[in-house]
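Report on one structure; see the data block that follows.
The values are calculated or read from the model by the stated rules, or taken from the named source; none is laboratory data. Here the structure is a predicted model, which is why all the values come from computation and not from measurement. All Cβ positions, even for glycine, are placed from backbone atoms using ideal geometry, and neighbour counts span all protein chains on display. For the accessible areas, the whole protein counts, side chains as well, though only heavy atoms, and no ligand, DNA or RNA atoms are used. Shrake-Rupley method; radii C 1.70, N 1.55, O 1.52, S 1.80 Å.
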Amino acid sequence: MSNRSAVFGGAGFIGTNLVYQLIEDGQQVFNFDNLSGLGNLLNIAELMQQSRHSFARCDISNPEEIRQALLMAAADTIYFCITPKNPEEESSLENFRTFFETVKEWRNGMADTKLHKIVVVVSEHYKLLGTYGKMYTGLLKLLDSYASDGLPISSLLVPPAFGPFQQPDSPISMIIYRAIEGETIPVVNPEEKVSDLVYVKDVVDAIVLVEKNGKIGGHYHLTGTTSSMSNIEAADVICDSLNEALPPPVGRYQALIEEVTTSLIASDISKDESALTVLGLQNKTSLGEGLKKTVSWYLNNPRWYNQSRTRFFYLWQNPETVLKIA
């Protein structure tokens, strides 16, 4: 494993969890984020005084900012944890192209660079909204082209993740936010099996594994946890965890559940389901265990929750923007 790591998107959900793990593993981490989306400086507030963590703003649409970040970090490994904001648009990958083109030019101009691996983390988050397949196909082609140009790229496709530091931009986190606030909890297609989901700590383990053992040019896939849970059962686990840790004034959190039926969302993503199994990833967190850990984290981090609640007030007040309920 490298000693100096640069994480782009390191104040976002997956990026934040990765940064904490890399520092725990003894890395010197250079953290870059433009803070314009779901990136949240509060996520990394505890790290700001640590000697092994440095943060700077960086916009991947700006080649000069990218070059400054690369010079600052002089990293052995680059982790790229940024997902396009609008995956349906033709231009969604333009910033990615700018980033990798700048990295290629920088690396070619630096004879003494120690960069040996670029791990690109691709979240399937937008699969929940049915708007992902075209962008993902285009991204793989883009990565293949830069790998053939000599960039040491490996990619990891991960299912929609949940866990610590997540804003209410996905169904799991939205349920937790709305339950804590005493709002109704919409559960879409309650009897359907839970979609492919993975606890974010398992995502981080997979990222580290790809950095260590992944082949240059390889595209790897982390499968979600196998679960027989339905959507309503998952919501019930969340509510039971809250009933025990933060009892409501009256009754149980399950009383807030509102069942919603809508058409199922199809996804056309093609992927290699077996690649990470070859690398030896095992012992993933079960869905039930992950849900309980996530609820516990939210309740044990009130300062983060309260500030995040204020910043993302619109999201948890308007679940249709998350669930795309017709």
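Mind telling me which of the residues ASN34, ASN40 ends up being crowded, with 21+ Cβ neighbours inside 10 Å, polar (S, T, N, Q), more than 21 Å from GLY214 (Cβ to Cβ) and touching a residue at least 12 places away in the same chain (Cβ under 8 Å)? Checking each option against the conditions leaves just ASN40. The lone criterion from (1) of a type outside the set (Phe, Trp, Tyr); (2) open to solvent by 60 Å² or more (accessible area, probe 1.4 Å); (3) at pLDDT 95 or above left unmet by LYS85 is number (3).
Here's the yes/no breakdown for (1) farther than 17 Å from GLY288 by Cα; (2) crowded, with 16+ Cβ neighbours inside 10 Å:
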| position | (1), (2) |
| --- | --- |
| VAL188 | yes, yes |
| VAL198 | no, yes |
| MET229 | no, yes |
| ILE232 | no, yes |
| ASP240 | no, yes |
| ALA255 | yes, no |
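For the range 218-241, indicate whether the set of residues that are part of a loop (DSSP other than H, G, I, E, B), out of contact with any strand residue (DSSP E or B) (no Cβ under 9 Å at 6 or more places or on another chain), free of Cβ contacts under 8 Å to residues at least 60 places away in the same chain and not aromatic (Phe, Trp, Tyr) is non-empty. Step through it out loud before you land on a result.
From the range 218-241, those part of a loop (DSSP other than H, G, I, E, B) are 218, 222-229; that's our starting set.
Now drop any that are not out of contact with any strand residue (DSSP E or B) (no Cβ under 9 Å at 6 or more places or on another chain), which leaves 226.
So of that shortlist, the ones also free of Cβ contacts under 8 Å to residues at least 60 places away in the same chain come out as 226.
Filter once more, so that each one left must be not aromatic (Phe, Trp, Tyr): 226.
Yes: one or more hits.
Going by the conditions given, is ALA6 open to solvent by less than 50 Å² (accessible area, probe 1.4 Å), closer than 27 Å to TRP304 by Cα, without any contact (Cβ under 8 Å) to a residue 40 or more places away in the chain and out of contact with any Gly (no Cβ under 9 Å at 6 or more places or on another chain)?
Values: open to solvent by less than 50 Å² (accessible area, probe 1.4 Å): yes; closer than 27 Å to TRP304 by Cα: yes; without any contact (Cβ under 8 Å) to a residue 40 or more places away in the chain: no; out of contact with any Gly (no Cβ under 9 Å at 6 or more places or on another chain): yes.
In short, no.
In the condition set (1) buried (at least 16 other Cβ atoms within 10 Å of the Cβ); (2) of a type outside the set (Asp, Glu); (3) assigned to a helix (DSSP H, G or I), LYS212 is compliant with all but (1). Looking at ALA69, ALA75, ALA45, just one residue is assigned to a helix (DSSP H, G or I), buried (at least 24 other Cβ atoms within 10 Å of the Cβ) and more than 18 Å from the chain's Cα centre (by Cα), and that residue is ALA69.
The residue that is farthest from the chain's Cα centre (by Cα), counting only those in the range 143-165 that are open to solvent by 10 Å² or more (accessible area, probe 1.4 Å) and polar (S, T, N, Q), is SER148.
For the range 114-124, residues that are open to solvent by less than 40 Å² (accessible area, probe 1.4 Å) and under 14 Å from GLY150 (Cβ atoms) total 3.
In the range 9-30, which residue that is more than 24 Å from THR294 (Cα to Cα) and touching a helix residue (DSSP H, G or I) at 6+ places or on another chain (Cβ under 8 Å) is least open to solvent (accessible area, probe 1.4 Å)? Can you show your working first?
Our first condition is that a residue be more than 24 Å from THR294 (Cα to Cα); within the range 9-30, this holds for 26-30.
Now narrow it down to the ones that are touching a helix residue (DSSP H, G or I) at 6+ places or on another chain (Cβ under 8 Å): 29-30.
Numbers: VAL29: 0, PHE30: 17 Å².
Checking each candidate, the answer is VAL29.
A single member of ASP272, ASP268, ASP236 is open to solvent by 40 Å² or more (accessible area, probe 1.4 Å), modelled with pLDDT of 95 or more and not hydrophobic (A, V, I, L, M, F, W, C), and it is ASP236. Here GLU244 passes the criteria (1) part of a helix (DSSP H, G or I); (2) of a type in the set (D, E, K, R); (3) closer than 25 Å to ASN300 by Cβ; (4) within 23 Å of the chain's Cα centre (by Cα) except the one numbered (4).
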